[in-house]
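Accompanying notes for the structure given below.
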Amino acid sequence: MSTGTNPGRRSDRLKWALVGPTLALLIAFNVFPLLYNVVLSFTNAELLGGGERWVGGAQYTRVFDDPLFAGALRRTALFVTSAVGVELLLGFSLALALKREFRGKQVVLTTLLVPMMLSPAVMGLYWSLILNGNYGILNQMLGGLGLAQPQWLSDRDLKFWSILLIDIWMWTPFMMLIALAGLSSIPSSIYEAAEIDRASTWRVFRRITLPMCAPVLGLAVLFRATDALKQFDLVMAVSGPNDAATQTLSTLLYQVVFRDGKVGLGAAFACILLVVVIALSTVFTRYVDRLQSKGVAK
């Protein structure tokens, strides 16, 4: 007859004792607020209280009928595609330039990474001073050269592109860092074999460098795209949440909840934004998986 505690059960209890607190915190701070937000999106809850009641999908109908939502969606899509596309091209180009060893490489690399390490809100305020139409450094330099001095932050046609410029300046180093890691992971023996075969530079780039970096670049694009979809800090710091020329989905959500006090409507906005982020992440994840499976097959 066996005595004592079953080792398997003791091991299970130990695992749950270690994982349990983390799992409880995850549910408390992530899962529960998410589910509660979904419930709120089907009510007419307001920030200042009042008679909260169930309204079904009426809030979602209001979201899709709102012209502000359509404008913010188009603006956010343009921002994501423009910012991520330019950051990918510039970051990959910088990574190619920094791939080889040269004197002062570490200093150059550290300098390029500084913008990525600073707070977006602080960078927004910093660039607001640079781009100020009256006393900004940029316009003073342009004036000294006898060039036109645009109103970067007050001209309706320039405000959006000014915020886009700041985002590109901040996050191009992120793309560069990821691309540099991908380039460093390519075995040098492959390049040596291509050199022996007398492959041209363009052929080496098209057949070796780009395909082998594609999965890593896909992940970098995924991270940046999901982050750009939630663009909030720069817009708040540069132009505020109420400017129609720069209003993104996140700033519109802030406006709906904290200015208008429509918590139920804001919850519906948040759920739609979450669905967009999940859909984009799923597409990119499948694309990266396909790239990796092709690489393994080769």
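With respect to the conditions (1) in contact (Cβ under 8 Å) with a residue 24 or more places away in the chain; (2) open to solvent by 80 Å² or more (accessible area, probe 1.4 Å), residue 170 falls short on a single one, namely (2). Just a yes or no: is a residue in segment 218-228 within 30 Å of residue 123 (Cβ to Cβ), without any contact (Cβ under 8 Å) to a residue 60 or more places away in the chain and surrounded by 19 or more Cβ atoms within 10 Å (Cβ to Cβ)? No, there is no match, as no residue in segment 218-228 is within 30 Å of residue 123 (Cβ to Cβ), without any contact (Cβ under 8 Å) to a residue 60 or more places away in the chain and surrounded by 19 or more Cβ atoms within 10 Å (Cβ to Cβ).
Counting only residues that are hydrophobic (A, V, I, L, M, F, W, C) and closer than 17 Å to residue 272 by Cβ, segment 28-44 holds 6 of them.
In this structure, residue 247 qualifies as modelled with pLDDT of 85 or more and in a loop (DSSP other than H, G, I, E, B). Is it the case that residue 11 is touching a residue at least 60 places away in the same chain (Cβ under 8 Å) and of a type in the set (Gly, Ala, Ser)? Considered against the rule, which asks whether it is touching a residue at least 60 places away in the same chain (Cβ under 8 Å) and of a type in the set (Gly, Ala, Ser), residue 11 comes out as no.
Does segment 149-164 include one or more residues that are surrounded by 14 or more Cβ atoms within 10 Å (Cβ to Cβ), within 17 Å of residue 228 (Cβ to Cβ), touching a residue at least 24 places away in the same chain (Cβ under 8 Å) and among the aliphatic types (A, V, I, L, M)? For segment 149-164, residues surrounded by 14 or more Cβ atoms within 10 Å (Cβ to Cβ), within 17 Å of residue 228 (Cβ to Cβ), touching a residue at least 24 places away in the same chain (Cβ under 8 Å) and among the aliphatic types (A, V, I, L, M): present.
Only one entry of 212, 236 meets the criterion of being touching a residue at least 60 places away in the same chain (Cβ under 8 Å) and open to solvent by 70 Å² or more (accessible area, probe 1.4 Å), and that entry is 212.
Scanning segment 57-97 for residues that are of a type in the set (A, V, I, L, M), under 14 Å from residue 253 (Cβ atoms) and open to solvent by less than 40 Å² (accessible area, probe 1.4 Å) yields 63, 72. State which residue is modelled with the lowest pLDDT when the search covers only segment 260-287 and only residues that are small (Gly, Ala, Ser) and open to solvent by less than 20 Å² (accessible area, probe 1.4 Å). The extreme case among them is 261.
Screening residue 198 on (1) among the basic types (Lys, Arg); (2) open to solvent by 70 Å² or more (accessible area, probe 1.4 Å); (3) on the phi < 0 side of the Ramachandran plot shows it passes everything except condition (3). The residues listed here are 209, 248; of these, the one that is within 19 Å of residue 161 (Cβ to Cβ) and out of contact with any Phe, Trp or Tyr (no Cβ under 6 Å at 6 or more places or on another chain) is 248.
The values are calculated or read from the model by the stated rules, or taken from the named source; none is laboratory data. All values derive from a computational prediction rather than experimental measurement. Positions of Cβ are generated from backbone atoms using ideal geometry, with glycine treated the same way; all protein chains shown enter the neighbour counts. The protein model used for the area step is the full one, side chains on, heavy atoms only, and it has no ligands, DNA or RNA in it. Shrake-Rupley method; radii C 1.70, N 1.55, O 1.52, S 1.80 Å.
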